[in-house]
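Here is the structure we will look at, set down as structure tokens.
The values are calculated or read from the model by the stated rules, or taken from the named source; none is laboratory data. All values derive from a computational prediction rather than experimental measurement. Heads up, the Cβs are rebuilt from the backbone with ideal geometry, glycines too, and the neighbour counts pull from every protein chain shown.
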Amino acid sequence: MIAARYTQGGGFAVTDAPEPVAEPGGLVVRIDAASICGTDIKILNHGHRKLRDGQTITLGHEFVGTIVEVNGSSNGFAVGQQVGVAPNIGCGHCGMCMQGMGNMCPAYSAFGIDRDGAHAPLVAIPRAAIEQALVIPLPDGADPRAATLAEPLSCVVAAQRATRIEPGDTVVIYGAGPMGLLHVMLAATSGAGRIIVADRNPARLALARELGAADTVNVSEQSVRDWAREHAPGGVDVVIIAVPVPEIQTEALEILAPLGRLCLFAGWPRGTTGVPLDTNAVHYKSLLVTGTTGGAPRDYVASLKLIGSGRVDVRRVVSHVYSFADLAKAYDTAASGTALKVVIAAQP
């Protein structure tokens, strides 16, 4: 079968791969839709810390599909059932796993990260994923192209849960890529009083306004610091950094109001040098600074509900849809930096 394959230290290729088989207690899922994440492109450019040199995997951790094989006891799952899969499989017995947060497990494994993922027509789901409630039935009539974005939206749900956006808050979001735009829509549903988005892409800033941003800042023309001096002299309540630019963290602490909350949502590529932070600002303004990575199964379930209700219209951030026959073109588009969310669909 065709697959998007990455070899640590050896590069990327769209090539043939063997069809997977279900392990005892596991499943095989036929992919109905999968999306390409910024993490996939980051792996192509920088590799991943969880991969061994020479290790080859099929990429793809954002996906939904239909069960086509069940091996033995399936814990209630059946052939023909449509499911989504939260991608991070924990060890199952550490403190984080005991809280249902396998994404925070020190020994987690993940589809498309260190095991074969879903940028291929079929993917094997191990028994551990079922036991950890990572395989989640989709509602009847779910749109696969929308449902595949439940995984990235779950990361946004986890971040905003940690950041505690409250009704009336002023929220600044750095970055108008797909994740930043999902943050805009979710913050709007959470009752944020005013949402400001900073980016250098005019088209994406225009879309941010359509999705709920009251103000936008084109950072090619004006700094957010200068915008805040004029429009929010007392500071803003929440800052979410959804773009991997370290210097933004320094600015974020400056523009936060007392008791403000900062979410370091975007990770940096390996080897990126950090920036000094004014910890006195954290101390004297009683700021909350947090980081989040991934989402737990409860966040995935919440995302499916938000998508199903129409409260968060994830289709607005899908810019391209390709078939598996055009898998190489899908990756070229995603890597170009000009697309928003690229989806690979069994029926485009």
Those residues of segment 105-114 that are surrounded by fewer than 19 Cβ atoms within 10 Å (Cβ to Cβ) and not small (Gly, Ala, Ser) come to a total of 2
Residue 169 vs. criteria in contact (Cβ under 8 Å) with a residue 24 or more places away in the chain and closer than 18 Å to residue 312 by Cβ: yes
Residue check, residue 158 out of contact with any strand residue (DSSP E or B) (no Cβ under 8 Å at 6 or more places or on another chain), buried (at least 24 other Cβ atoms within 10 Å of the Cβ) and assigned to a helix (DSSP H, G or I): yes
So the check is Cβ under 9 Å with 6+ separation or different chains; which pairs have a first residue in segment 220-236 that's touching a residue at least 12 places away in the same chain (Cβ under 8 Å) and a second one that's among the aromatic types (Phe, Trp, Tyr) and surrounded by 12 or more Cβ atoms within 10 Å (Cβ to Cβ)? 224/174
When segment 191-247 is checked residue by residue, the ones that are buried (at least 19 other Cβ atoms within 10 Å of the Cβ) and among the polar types (S, T, N, Q) are 216
Please verify whether segment 237-248 includes one or more residues that are closer than 25 Å to residue 292 by Cα, without any contact (Cβ under 8 Å) to a residue 24 or more places away in the chain and in the same structural domain as residue 179 (by TED's automatic domain parsing). no
Going by what's in this entry, would residue 217 be described as without any contact (Cβ under 8 Å) to a residue 60 or more places away in the chain, part of a strand (DSSP E or B) and touching a Phe, Trp or Tyr at 6+ places or on another chain (Cβ under 6 Å)? yes
Just a yes or no: is a residue in segment 121-133 surrounded by 24 or more Cβ atoms within 10 Å (Cβ to Cβ) and in contact with a helix residue (DSSP H, G or I) (Cβ under 8 Å, 6 or more places away or on another chain)? no
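Would you confirm whether any residue within segment 42-65 is among the aromatic types (Phe, Trp, Tyr) and touching a Ser or Thr at 6+ places or on another chain (Cβ under 7 Å)?
Yes, there is a match, as at least one residue in segment 42-65 is among the aromatic types (Phe, Trp, Tyr) and touching a Ser or Thr at 6+ places or on another chain (Cβ under 7 Å).
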Per the filter on segment 215-259, residues within 21 Å of residue 162 (Cα to Cα) and among the small types (Gly, Ala, Ser) are 235, 242, 252, 257
Could you tell me whether residue 113 is within 30 Å of residue 338 (Cα to Cα) and not small (Gly, Ala, Ser)? yes
Which residues, counting only those in segment 305-348, are part of a helix (DSSP H, G or I), under 14 Å from residue 40 (Cβ atoms) and either without any contact (Cβ under 8 Å) to a residue 40 or more places away in the chain or touching a Pro at 6+ places or on another chain (Cβ under 9 Å) (or both)? 332, 333
Does segment 64-78 include one or more residues that are farther than 17 Å from residue 20 by Cα and among the aliphatic types (A, V, I, L, M)? yes
Take the conditions surrounded by fewer than 17 Cβ atoms within 10 Å (Cβ to Cβ) and either touching a residue at least 12 places away in the same chain (Cβ under 8 Å) or in the same structural domain as residue 252 (by TED's automatic domain parsing) (or both) and apply them to residue 180. Does it pass? no
Checklist (1) surrounded by fewer than 19 Cβ atoms within 10 Å (Cβ to Cβ); (2) more than 18 Å from residue 35 (Cα to Cα) applied to residue 102, failing item: (1)
When you look at residue 60, is it more than 12 Å from residue 119 (Cα to Cα), crowded, with 19+ Cβ neighbours inside 10 Å and in contact with a strand residue (DSSP E or B) (Cβ under 6 Å, 6 or more places away or on another chain), yes or no? no
Scanning segment 175-204 residue by residue, those out of contact with any Gly (no Cβ under 8 Å at 6 or more places or on another chain), in a helix (DSSP H, G or I) and of a type in the set (A, V, I, L, M, F, W, C) turn out to be 181, 182, 186, 203
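To keep it simple, each residue is scored yes or no on (1) in contact with an Asp or Glu (Cβ under 6 Å, 6 or more places away or on another chain); (2) outside the structural domain of residue 269 (by TED's automatic domain parsing); (3) at pLDDT below 95.
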{"position": "11", "(1), (2), (3)": "no, yes, yes"}
{"position": "15", "(1), (2), (3)": "no, yes, no"}
{"position": "46", "(1), (2), (3)": "no, yes, yes"}
{"position": "64", "(1), (2), (3)": "yes, yes, no"}
{"position": "110", "(1), (2), (3)": "no, yes, no"}
{"position": "121", "(1), (2), (3)": "no, yes, no"}
Please state which of the following conditions residue 337 fails to meet, knowing it meets all the rest: (1) surrounded by 13 or more Cβ atoms within 10 Å (Cβ to Cβ); (2) at positive phi. (1)
